[in-house]
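Taking it in order: structure first as structure tokens, then the write-up.
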Amino acid sequence: MSGPHFRASERPGPVRWSRPVRVGLLRGGVLLAAAAAVAWLAPTAPGLVLAAGLAGLALAHLLRSLLRLPAVRVDESGIRTSWTRGAAGLVGWDEVTRIRRDGRVVVVAVHHPADVVRRAPRWRRRHLLRLERDHGSPVVIDRHVLGADPTAHLIRLHHWRNHVAWSRDRAARS
């Protein structure tokens, strides 16, 4: 792999990746427009319920993009995915077996994928199972979060993994 080479003893800075603001604003605006159209075209009870649901999704997208909530956080404890449809929560470094690129996504392979799926909220499990079927792991960092250059993010993930392993080995020898 070409690019910068890091020593495992060099502690990397914490990583917080967020989606671009324009993506959230665009999605929120489209959902808000759809909610207004549904409310105007179908002013019946089911139409208004659908419009309220769309407006709630629009509000969630707008707030998430304006508050710049991170979709992925990487630190000593592991990789924490949140605020995405396929968020698996915290995956500790001891669970990670391999980090690889698969097209425009980064796949984090884990020892026991069923445990990761089981820890996720019930409403998210089906999507995690689909990610596992498609990519071999339920922990996938989406291309929208990674931006234009997923290779740079892959290098930083490998650096964190190497640093944590080095720190644990050093602590065990002391």
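The values are calculated or read from the model by the stated rules, or taken from the named source; none is laboratory data. Here the structure is a predicted model, which is why all the values come from computation and not from measurement. Every residue, glycine as well, gets a Cβ built from its backbone with ideal geometry; the counts of neighbours run over all protein chains shown.
Structure summary
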read-out: Scope segment 91-108; condition part of a strand (DSSP E or B) and under 18 Å from His163 (Cα atoms); matching residues; value: Val91, Gly92, Val96, Thr97, Arg98, Ile99, Arg100, Val108
read-out: Lone qualifier among Arg130, Arg68 - being within 30 Å of Gly29 (Cβ to Cβ), of a type in the set (D, E, K, R) and modelled with pLDDT under 90; value: Arg68
read-out: Only one of Trp93, Trp83 that is at pLDDT below 90 and either touching a helix residue (DSSP H, G or I) at 6+ places or on another chain (Cβ under 7 Å) or surrounded by fewer than 19 Cβ atoms within 10 Å (Cβ to Cβ) (or both); value: Trp83
read-out: Scan of segment 1-27 for residues that are at pLDDT 70 or above, in a loop (DSSP other than H, G, I, E, B) and surrounded by fewer than 14 Cβ atoms within 10 Å (Cβ to Cβ), ordered by number; value: Arg7, Ser9, Glu10, Gly13, Pro14
read-out: Tabulated pairs, segment 117-143, first touching a residue at least 40 places away in the same chain (Cβ under 8 Å) and closer than 19 Å to Gly103 by Cβ, second assigned to a helix (DSSP H, G or I) and of a type in the set (A, V, I, L, M), C-beta under 6 angstrom, 6+ apart or interchain; value: Leu128/Val117; Pro138/Val116; Pro138/Val117; Pro138/Leu128; Pro138/Leu131; Val140/Leu131
read-out: Residues that are part of a loop (DSSP other than H, G, I, E, B) and buried (at least 19 other Cβ atoms within 10 Å of the Cβ), drawn from segment 121-139; value: Ser137, Pro138
